Amino acid sequence: MKPILIEIGPGELCDRLSILALKVKHSRPGQQADLFDTALNRLRSLRDELAFCPSTIDLETELADVNRQLWDIEDALHDAEERRLFGPDYIDLARKVQKLNNRRCSLKAAIDVALEAPRSVEEKIYGQ
């Protein structure tokens, strides 16, 4: 099957890069890790074509940190789910996911604005 190509903004590209870097870091050596690494390198070459300045690099770094926090929290939530531990800690983690996802969305939008990219369809809408 032929791959489906979509347009994404630089914020989304940075987001995908940081998530792929986490997948490479956390995957076991083998076919899956190789697949992630290949995808990561392909996207890095696209990212290298963008004119990032120090402020956008700071946003990109913060986005990667937010994604790392989300990764760790999701791992903890999956562990709690398997152990059927749904107490206050579970609720606190779930609330952190929501807050971090909102920050993640803001950072992606800020990267797009800083690089004068078109408005993204990724914008969150709630209760509408």
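Taken one residue at a time, the phi angles of region 39-49 give Karplus couplings (6.51, -1.76, 1.60, θ = phi - 60°) of 5, 4, 5, 5, 6, 4, 5, 5, 5, 5, 7 Hz. Gly and Pro are set to x. The phi torsions of region 98-110, fed into the Karplus equation with coefficients 6.51, -1.76 and 1.60 and a -60° offset, translate into couplings of 4, 5, 5, 5, 5, 5, 4, 4, 5, 5, 4, 5, 5 Hz, rounded to whole numbers, with Gly and Pro shown as x. In loop segments of region 31-115 as defined by DSSP, the GluC sites (Glu not before Pro) with at most 13 further C-beta atoms inside 10 Å of their C-beta are GLU49. Exposure here means at most 10 other Cβ atoms within 10 Å; with trypsin sites (Lys or Arg not before Pro) in a DSSP loop as sites, the longest stretch of the chain lacking them is 1-83.
Of the chymotrypsin sites (Phe, Trp or Tyr not before Pro) found in region 13-109, the ones in coil according to DSSP and having at most 13 other Cβ atoms within 10 Å of their Cβ are PHE86. Only Cα pairs under 8 Å and 6+ residues apart enter the sum, and on that basis the relative contact order of the chain stands at 35 percent.
Our Cα-only numbers for the chain put the radius of gyration and Dmax at 16.4, 47 Å. Calculated mean residue ellipticity at 222 nm for the chain: -25000 deg cm²/dmol, from DSSP H runs with n ≥ 4 weighted as -39500 (n - 2.57), summed, divided by the residue count and rounded to 500. 3J(HN,Hα) along region 80-90, derived from phi through the Karplus expression 6.51 cos²θ - 1.76 cosθ + 1.60 where θ = phi - 60°, amounts to 4, 4, 4, 8, 6, 9, 10, x, x, 5, 4 Hz, with x in place of Gly and Pro.
Values quoted throughout were computed directly from the atomic coordinates according to the rules given, and no laboratory measurement underlies them. Small disclaimer: the values here were computed from a predicted structure and weren't measured. Please note: Cβ atoms are built from the backbone with ideal geometry, for glycine as well, and neighbour counts cover all protein chains shown.
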